[in-house]
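> Quick one: structure below, then a few questions.
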Amino acid sequence: MHSTLFIQSPPVLGNQYRDDSFLQSYLRRKLPAAMLGDIESSLSELGALAGGELYQLQLRDRLNEPTLTQWDAWGNRIDHIEVSPLWQRAADIAASSGLIAIPYERQQGRYSRIHQFAAVYLFHPSSDVYTCPLAMTDGAARTLSVSGNQGLIARAVSKLTSRNPAEAWTSGQWMTEATGGSDVGASLTRAVRDDTGQWRLYGKKWFTSAITSQMALTLARPEGNGPGGSGLAMFYVETHDDDGRLNGIRVERLKDKLGTRKVPTAELTLDGARAELVGDTRHGTRNIEPMLTVTRAWNSVTSVAFMRRALMLARSYASQRRAFGAKLGELPLHVDTLAGLEAETRGAFLLAFELAELMGLQEAGELDDRQRALLRLITPIAKLLTARQAVAVVSECIEAFGGAGYVEDTGLPALLRDTQVLPIWEGTTNVLALDAVLRGELSVGLPALQARIQQGIAVTADDRLAAAGKPALTAIEHVVHWLSHNNDPRRLQANARRLAMTLGRALELALLIEHAAASSDPGHGAAARRFAAAPVDLLTDINSEDSAFLLE
Ligand SMILES: Cc1cc2nc3c(=O)[nH]c(=O)nc-3n(C[C@H](O)[C@H](O)[C@H](O)COP(=O)(O)OP(=O)(O)OC[C@H]3O[C@@H](n4cnc5c(N)ncnc54)[C@H](O)[C@@H]3O)c2cc1C
């Protein structure tokens, strides 16, 4: 006699472009039809790779991690890093699909960033976070492009943006030192000119995630400069010399991390690394800002991509797994749970792509003043809000698998661990909230944001949708009113996170309504109403005196 064997079916993924009706509806709304027709087959190919070959490789490759070999058999220090097979494959796909090239070729004009980020969104969840070096590569290409340094532009930008995998470079961004990742102005790395006039860097970089890259942009303090960010300068460093030897760089170790375990994140010693000044000998933190704008946009898009992947898997599972005599996908509370996550994901998507759209307009030279103010304000807000939404959504999706979500060889726990990095790197939630609220841009950014929210909601003639937009309008009015009555800097700091989140959630809701108003699919209206039912206004004005008990 055989006992009845019950085998659970794993979740399945199909073509991640074809199965993503929300992405398709967004692209149909934003792009001219002929343009979408031109790029759709390449997006579909990426979607097929992401849901097929790459996803399967990712599951098989689960236990492979990068290795660091510091010495060769003969005692030479080599510091060689071998990355996982999936990373090697991802590098080829990224270059040949033009994941960096697209916005520099600008074939789609002002829509090029939307095109690029749609491709990144499809690729990211199956790439084992290969998007980390890609984000920095895009950031470096942009930073160099606007630097005016023609020598470095000629030397590096065409390699950073190449579609040829054999020629394409990636770039690191070495900012964080043990003294601080947020407080970068405290950096201790020194820049010294040697006898030949060559700049050489001395110091330790505490987190560097792309040491396998060919170059990096980094910060160092030229001797004699004063303290703080303005005393730092931005430098260009090639990691290897023409003979393939490391350029005055030692890789001390790879970090043993909670997640992003395929990303080789190293601690480096710079011991006379030859470097080239990108611009002036000061204002490094200001000069590297284009890098941060780009990497924060990548962070926002990859946050949404992780949410989408987790939901794709959870919905697939819900269509098969049975409990209490029904499929999970037929149980009202399970459906309610996933619908809430879907609404969050769509709101986050529209915010991330609003940022992409504004970047595209900026790079095409078509940004007006209001949009410029909006871009500046929503860059930190989109990064911080989408990253926090991603952690919440992916965590809930793990629970939607029950115990299976907690089991390593399903591949699901890695998704949560990888997501957890998104609120940390490229500026933590608090640091970005302060960036949004304290840097003075709020005075011009806030009216622009308020106008954008009103514009998003005004387009609907549907009463239910208009009613759903109310929380966005009242939230932004609350923020404006609160700011006009609270100018104590400590109180502003203490509330900065709730304030920034409120602005972001209000904009997400307005964008959901705008999207629904432009579509005949009633699902979009339902998603907007569902989002509106969750808290939008988080500004509860907790006085910092009421947090003082923490320090008692
Ligand atoms: C996997 C991984 C890869 C990374 N790769 C790179 C890389 O390639 N290049 C690179 O340069 N860096 C990299 N980093 C570093 C990352 O950018 C920093 O860790 C991050 O910016 C935070 O800096 P920190 O670690 O010094 O934390 P801290 O700045 O010490 O922050 C600690 C806590 O204090 C809070 N905080 C700090 N200042 C304030 C404030 N003024 N008000 C309120 N709260 C505050 C923060 O929000 C945080 O919660 C990487 C990090 C990780 C985890």
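The values are calculated or read from the model by the stated rules, or taken from the named source; none is laboratory data. These numbers were taken from a predicted model, which means no experiment stands behind them. Using ideal geometry, Cβ is built from the backbone for each residue, glycine included, and neighbour counts are taken over all protein chains shown.
> Taking the options ALA326, ALA314, ALA343, ALA318, name whichever one is in contact with a strand residue (DSSP E or B) (Cβ under 9 Å, 6 or more places away or on another chain) and either closer than 16 Å to GLU396 by Cβ or modelled with pLDDT under 95 (or both).
Answer to the check: ALA318.
> Test of understanding: among LEU219, LEU144, LEU232, LEU134, which residue is away from the ligand (no atom under 16 Å from the Cβ), buried (at least 24 other Cβ atoms within 10 Å of the Cβ) and aliphatic (A, V, I, L, M)?
Result of the check over LEU219, LEU144, LEU232, LEU134: LEU144.
> Within the group ILE513, ILE542, which residue is more than 30 Å from SER21 (Cα to Cα), hydrophobic (A, V, I, L, M, F, W, C) and in contact with a helix residue (DSSP H, G or I) (Cβ under 8 Å, 6 or more places away or on another chain)? Spell out the reasoning first.
Details: ILE513 fails: more than 30 Å from SER21 (Cα to Cα).
Of ILE513, ILE542, the one residue that is more than 30 Å from SER21 (Cα to Cα), hydrophobic (A, V, I, L, M, F, W, C) and in contact with a helix residue (DSSP H, G or I) (Cβ under 8 Å, 6 or more places away or on another chain) is ILE542.
> Shifting gears a bit: Take the conditions of a type in the set (S, T, N, Q), farther than 19 Å from THR302 by Cα and in contact with a His (Cβ under 6 Å, 6 or more places away or on another chain) and apply them to THR69. Does it pass?
yes
> Can you name every residue in region 134-151 that is touching a Leu at 6+ places or on another chain (Cβ under 8 Å) and among the polar types (S, T, N, Q)?
Residues satisfying the conditions are THR137, THR143.
> Taking region 235-279, which residues are away from the ligand (no atom under 15 Å from the Cβ), within 12 Å of ALA220 (Cβ to Cβ) and either at pLDDT below 95 or among the aliphatic types (A, V, I, L, M) (or both)?
Matches in region 235-279: ALA273, ALA275, LEU277, VAL278.
> Within region 409-451, restricting attention to residues that are modelled with pLDDT of 95 or more and more than 30 Å from THR131 (Cα to Cα), which residue is nearest to the ligand (Cβ to nearest atom)?
Among those that are modelled with pLDDT of 95 or more and more than 30 Å from THR131 (Cα to Cα), it is LEU446.
> Can you name the number of the only condition in (1) surrounded by 16 or more Cβ atoms within 10 Å (Cβ to Cβ); (2) away from the ligand (no atom under 16 Å from the Cβ); (3) at pLDDT 95 or above; (4) β-branched (Val, Ile, Thr) that VAL391 fails?
(2)
> Okay, moving on. Taking the condition of being aromatic (Phe, Trp, Tyr) and in contact with a Leu (Cβ under 9 Å, 6 or more places away or on another chain), how many residues in region 515-549 meet it?
The initial filter retains those residues of region 515-549 that are aromatic (Phe, Trp, Tyr), namely 531, 549.
Next, from what is left, pick out any that are in contact with a Leu (Cβ under 9 Å, 6 or more places away or on another chain): 531.
Going through region 515-549 one residue at a time, the tally reaches 1.
> Could you please find all residues in region 94-107 being surrounded by 21 or more Cβ atoms within 10 Å (Cβ to Cβ) and not in a loop (DSSP other than H, G, I, E, B)?
ALA94, ALA95, ILE102, PRO103
> Also, quick follow-up: Give GLY197, GLY185, GLY226 a once-over and let me know the one that is out of contact with any Phe, Trp or Tyr (no Cβ under 6 Å at 6 or more places or on another chain) and within 19 Å of VAL431 (Cβ to Cβ).
Working: GLY197 fails: within 19 Å of VAL431 (Cβ to Cβ); GLY226 fails: within 19 Å of VAL431 (Cβ to Cβ).
After applying the criteria, what remains is GLY185.
> On to the next question. Quick one: count up the residues across region 165-200 that are over 30 Å from LEU99 (Cα atoms), part of a loop (DSSP other than H, G, I, E, B) and either near the ligand (Cβ under 9 Å from one of its atoms) or touching a Leu at 6+ places or on another chain (Cβ under 8 Å) (or both).
Residues flagged as over 30 Å from LEU99 (Cα atoms), part of a loop (DSSP other than H, G, I, E, B) and either near the ligand (Cβ under 9 Å from one of its atoms) or touching a Leu at 6+ places or on another chain (Cβ under 8 Å) (or both) within region 165-200 amount to 5.
> How many residues are in contact (Cβ under 8 Å) with a residue 60 or more places away in the chain and either aromatic (Phe, Trp, Tyr) or under 19 Å from ALA433 (Cβ atoms) (or both) if we restrict to region 473-497?
Of the residues in that region, 5 qualify.
> Can I ask one more? Kindly check whether there is at least one residue in region 314-334 that is surrounded by 20 or more Cβ atoms within 10 Å (Cβ to Cβ) and under 26 Å from the mean Cα position of the chain (by Cα).
So far as region 314-334 goes, yes, one or more of its residues are surrounded by 20 or more Cβ atoms within 10 Å (Cβ to Cβ) and under 26 Å from the mean Cα position of the chain (by Cα).
> Now for a separate question. Mind telling me which of the residues THR196, THR179, THR189 ends up being touching a residue at least 12 places away in the same chain (Cβ under 8 Å) and hydroxyl-bearing (Ser, Thr, Tyr)?
Only one candidate passes the filter, namely THR189.
> To continue, here is another question. Show the residue pairs that are 6+ apart or on different chains and have beta-carbon atoms under 7 Å apart, the first residue being within region 430-448 and under 10 Å from LEU377 (Cβ atoms) and assigned to a helix (DSSP H, G or I), the second being more than 9 Å from the ligand (Cβ to nearest atom) and of a type in the set (D, E, K, R).
GLY445/ARG376; ALA448/ARG370
> So which of ALA186, ALA178, ALA210 ends up being at pLDDT below 95 and touching a Cys at 6+ places or on another chain (Cβ under 9 Å)? Please lay out each step first, then the result.
Numbers: ALA186 fails: touching a Cys at 6+ places or on another chain (Cβ under 9 Å); ALA178 fails: touching a Cys at 6+ places or on another chain (Cβ under 9 Å).
Only one candidate qualifies: ALA210.
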